[in-house]
1. Residues that are within 15 Å of ligand 1 (Cβ to nearest atom), modelled with pLDDT under 95 and surrounded by 18 or more Cβ atoms within 10 Å (Cβ to Cβ): find the strands (runs of 3 or more DSSP E) completely inside the stretch 1-72 holding 1 or more of those.
2. So, in the stretch 102-123, how many residues would count as being within 29 Å of residue 203 (Cβ to Cβ) and surrounded by fewer than 19 Cβ atoms within 10 Å (Cβ to Cβ)?
3. Assess whether residue 95 counts as being closer than 21 Å to residue 39 by Cα, within 16 Å of ligand 2 (Cβ to nearest atom) and touching a strand residue (DSSP E or B) at 6+ places or on another chain (Cβ under 6 Å).
4. Taking the options 182, 220, 209, 174, name whichever one is under 17 Å from the mean Cα position of the chain (by Cα), loosely packed, with under 12 Cβ neighbours inside 10 Å and closer than 26 Å to residue 135 by Cβ.
5. If the requirement is being outside any loop (DSSP other than H, G, I, E, B), in contact (Cβ under 8 Å) with a residue 24 or more places away in the chain and surrounded by 13 or more Cβ atoms within 10 Å (Cβ to Cβ), which of these qualifies: 302, 288?
6. Tell me, which helices (runs of 4 or more DSSP H) wholly within the stretch 117-223 include 3 or more residues that are modelled with pLDDT of 90 or more?
Ligand code: UDP
Ligand code: MG
């Protein structure tokens, strides 16, 4: 039995070696083989050099390094890592030691002892971030669960371990705009959620600013829901209905009560409001169209410049 540790790395020069050491330490004496699949996601620092050094020096370990031609994002790195893994089980884990390798052992234990589960995912026990961020995240998960057919857990991370069957299913999902959390949920299988404590980042900084998170959230919604496209229909039905009622009222006022209809401000206000709603809806359609356009080109999910593999 073999486990593949898929580790996406983007500017993690001060973490990869320590990650390797800590994992080997935690895994000493385990009853299964394991390999490392490091994916260098176009790092601009010395991450690749460090990974190459590990590959050359640590002959006792089974190390694969996939190096991208540029930064393609964590989702692409996960895909490439799974694609280049050979284990019966696959674990996705970050390079920054926020996720302890000991937890992977816990996951493996569950997969072995409880064969009804195909996947074990860790969720954060306590979020280590400010309450505004947590509030935004909770709001996003409520919204996406309402809008789409998939169900996402607000606190689940992509720190997880799963069987080859699950890995193959993930690879089958060939979409260019990848939203891992949605993919995990969409493919089904039995998943057990276990709590884990997020550690402080060992070195370097997080790549997730607020802006990037908002973009990620919107991507997630459009990747797994088409409901926003129906927004125009609903708003359109409502405004048409309101307009008819209003017209009837105006005609009755004019014919029976001789009220002169005035209202320059109302007209300007309504034109702006309706124009705004129309542009907003066109924007939504446009964002889906853009995805069809990109997907239609059948571009690869990543481009590997170099693959080191024994
Ligand atoms: N990562 C990546 N490509 C990216 C951004 C991040 O491969 O474009 C990797 C990163 O090196 C790390 C993991 O994804 O191993 C999680 O990133 P990060 O620690 O920045 O996210 P956070 O833990 O703050 O959510
Ligand atoms: Mg991190």
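1. none
2. 4
3. Values: closer than 21 Å to residue 39 by Cα: yes; within 16 Å of ligand 2 (Cβ to nearest atom): yes; touching a strand residue (DSSP E or B) at 6+ places or on another chain (Cβ under 6 Å): yes.
Taking the combined requirement at face value, the residue satisfies it.
4. 209
5. One residue alone meets the criteria, 288.
6. Values: elements: 131-147, 164-172, 180-186.
In the stretch 117-223, the matching helices (runs of 4 or more DSSP H) lie at 164-172, 180-186.
The values are calculated or read from the model by the stated rules, or taken from the named source; none is laboratory data. Please read these numbers as outputs of a predicted model, since none were measured by experiment. Note that each Cβ is placed from the backbone with ideal geometry, even for glycine, and that neighbours are counted across all protein chains shown.
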